Amino acid sequence: MANLVEVRDLKVEAKTDTGRTVEIIRGVSFDIADGEIVALIGESGSGKTTIALTLMGHTRPGCKIVGGSVRLGANDMAATSRKGLAKLRGTEVAYVPQSAAAAFNPAQRIMDQVIEVVRIHGLMSDEVAKERAIELFRALALPNADTIGDRYPHQVSGGQLQRLSAAMALIGNPRLVIFDEPTTALDVTTQIEVLRAFKSVMKAGNLAGVYVSHDLAVVAQIADRIVVLKGGEVQEIGTAEQILTAPQHPYTQELLAAFKPRIHASAEETGSKFQKPLLEAKGIVAGYGPIQPNGMPLALALKSVDISLEEGRNLGIIGESGCGKSTLARVIAGILPPVSGHIIFDGKELAADARQRRREELRKLQIVFQFADTALNPSKAVGDILERPLAFYHDMDRAARQARVDQLLDMVRLPRTLKFRRPAELSGGQKQRVNLARALAADPKIILCDEITSALDTVVAAAIIDLLKELQRELKLSYIFISHDLSVVQAICDEIAVMYSGEKVEQMPPSAVGNANAHPYSKLLFSSVPKLDTGWLDGLERDPELVRAFAQR
């Protein structure tokens with residue numbers, strides 16, 4: 001089989017905040033054959049996305065290719081002019097981003113954006129392009145394929161938008177498609193449908209692909225071969241089956257060991273006694289948009305939800321996109337006042353609106369958001385971001401704040417020198433750890449964790465989970481974990497609450513996950529968790545009644 005891509009001794013340099021240059025990709029070499037999908041895996045900062053972008057002849061600001069070659073067919077992407085690259089992007093190579101929302105203009109209809117590439121390159125008429133787009137929509141298992149292109153991006157679900165971004169990449173018939181963590185932010189049921197669609201359309205078109213991910217279970221479902229990276233260097237290359245079942249390099253073995261979930265002992269298993277709840281949410285009804293004549297918001301997101309959390313214990317909240325998980329966290333934090341219901345903390349009812357809560361109440365209940373990019377002020381250095389809660393909650397002087405910032409960075413396993421950088425100069429995993437450090441700066445009693453490990457590789461995610469457990473033991477912290485990663489929830493939570501369509505349908509200890517008496521939606525959810533098995537996705541058969549009832553997209 002001929003090689004479509006040949007990367008030879010690739011070297012990339014980047015400028016640091018002090019102005020010096022460092023080599024971040026150090027002599028990387030690998031091939032991709034026609035019709036082959038190669039996964040790039042490794043921890044944050046390993047160079048996965050940097051390498052993938054060079055296949056398009058692109059580097060991030062401050063970076064440049066300083067050595068080696070990146071051949072795509074007859075073209076050396078590292079040596080091609082900007083004008084030449086413009087002709088190749090969208091036709092020879094295309095890119096599917098991690099955040100589909102960032103790929104679409106909210107003010108334009110989806111169809112106009114999907115066919116923009118073929119318009120720019122003059123590949124076909126608008127009429128033919130729209131027909132081709134509809135064919136792709138069908139191939140990607142999108143509902144209402146004939147009319148979905150008439151919608152605006154905000155009128156489709158996250159899973160649908162991710163598949164539409166793939167259609168945008170595929171419409172120019174590229175020979176190589178780069179998938180940059182495209183399912184990271186999706187819940188497990190949506191993730192499976194998106195993976196199925198990606199795999200089907202790539203196989204049908206005999207397309208080559210690069211799949212960037214830190215999720216080994218996802219990689220197992222879609223990749224033919226895997227390139228393991230660390231510190232900008234290749235550690236191991238092999239078939240997916242060989243890497244996942246018989247890894248040779250110690251670092252690959254470490255990645256696999258970090259992936260395996262470590263079930264957290266529940267109160268049932270440890271025999272600990274239940275205490276008075278530290279936090280209770282009672283009868284929470286909430287939503288978005290104007291209040292209607294019936295007293296309910298236009299879009300109802302929570303329908304009389306009850307949860308409780310005891311001191312030193314953790315509650316996991318899981319469910320598909322749109323089920324109300326993050327809305328519940330925002331209600332508890334006071335960001336979104338509920339229509340009705342009560343939030344009781346340590347025996348006292350909290351004001352519905354955070355602006356009406358006392359400073360000490362705010363300090364004890366912190367939230368870490370899923371998207372660190374929007375949670376961190378891009379104009380401030382990391383040190384300034386972490387100093388703000390120290391000044392607000394603890395009235396520390398400058399010297400004390402600076403010393404505490406160093407301690408906080410140590411706690412979340414970040415080098416102290418990062419305090420001088422701005423968020424844009426950090427990796428996604430680093431930004432999320434800064435996000436966590438900011439919450440820890442308040443010395444809270446409860447931390448609401450909204451998908452905080454979704455952007456982290458398995459090694460860093462495992463380290464963060466271990467850190468959170470250690471902090472919990474030392475500080476008697478309690479966590480509410482909102483996640484679509486069931487392995488993370490099982491690893492740290494004492495109880496797991498399952499939500500569907502704004503309601504809590506079930507609550508159980510981790511040991512009861514997926515048992516025969518589970519709610520039908522729980523069965524669907526837990527059956528959708530990808531396994532470290534290269535044939536699992538192809539052999540997955542789920543009850544069609546459950547799929548129709550609970551997983552319509």
*asked:* Between E13 and R422, how high is the FRET efficiency from 1/(1 + (r/R0)^6) when r is the Cβ-Cβ distance and R₀ = 25 Å? Nearest 0.05.
replied: 0.80
*asked:* With every protein chain left in place and a probe of 1.4 Å, what is the accessible surface of F345, to the nearest 10 Å²?
replied: 20 Å²
*What is the dipole size for the chain, taken about its Cα centre, with +1 at each Lys and Arg Cβ and -1 at each Asp and Glu Cβ, in debye to the nearest 20?*
1420 debye
_Partner aspartates and glutamates for K445 [C-alpha distance under 12 Å; skip if fewer than 8 residues away on the same chain]_ = E310, E311, D346, E360, E361, E474
_Quick check: convex hull of the Cα atoms in the range 101-194, volume per residue, rounded to a whole Å³?_
98 Å³
*Note down the nm distance, to one decimal, between modelled labels 7 Å out along Cα→Cβ at S157 and at K348.*
4.2 nm
*Under the classification rounded if a/c is under 1.5, otherwise prolate if a/b is larger than b/c and oblate if not, where does the range 392-466 fall, given a ≥ b ≥ c as square roots of the Cα gyration tensor eigenvalues?*
oblate
*Excluding residues on the same chain fewer than 8 positions from K203, give the aspartates and glutamates whose Cα lies under 14 Å from its Cα.*
D34, E36, D224, D538
*Taking all protein chains together and a probe of 1.4 Å, list R438, R413 from the most accessible to the least accessible.*
R413, R438
_Net charge within 13 Å of V128 by Cβ-Cβ distance, Lys/Arg positive one each and Asp/Glu negative one each, not counting V128 itself?_
-1
_Length added when fully stretched, D384-K276, from 0.36 nm per residue minus Cα-Cα_ = 35.1 nm
*From the square roots a ≥ b ≥ c of the eigenvalues of the alpha-carbon gyration tensor of the chain, which class results: rounded (a/c under 1.5), prolate (a/b over b/c), or oblate?*
prolate
_What number comes out for accessible area per residue over the chain if the probe is 1.4 Å? Units Å², please._
43 Å²
*Projected onto the charge dipole of the range 65-185 (+1 at Lys/Arg Cβ, -1 at Asp/Glu Cβ, origin at the Cα centre), which of T80, H154, L170 gives the Cα projection farthest towards the positive end?*
T80
*Express the carbon and sulfur contribution to the solvent-accessible surface of the range 90-161 as a percent, rounded to the nearest whole number, probe 1.4 angstrom.*
48 percent
_Pairs beyond 27 Å (Cα-Cα), from K130/K199; K230/K325; K276/K469; K325/K364; K431/K469; K64/K199_ = K230/K325; K64/K199
*Is the shape of the range 421-521 best called rounded, prolate or oblate, per the rule: a/c under 1.5 gives rounded, else a/b larger than b/c gives prolate, else oblate, with a ≥ b ≥ c the square roots of the Cα gyration tensor eigenvalues?*
prolate
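The values are calculated or read from the model by the stated rules, or taken from the named source; none is laboratory data. Note that this is a predicted model, so its numbers are computed, not measured. Every residue, glycine as well, gets a Cβ built from its backbone with ideal geometry; the counts of neighbours run over all protein chains shown. Calculation scope for accessible area: heavy atoms of the full protein, side chains included, ligands and nucleic acids excluded. Shrake-Rupley method; radii C 1.70, N 1.55, O 1.52, S 1.80 Å.
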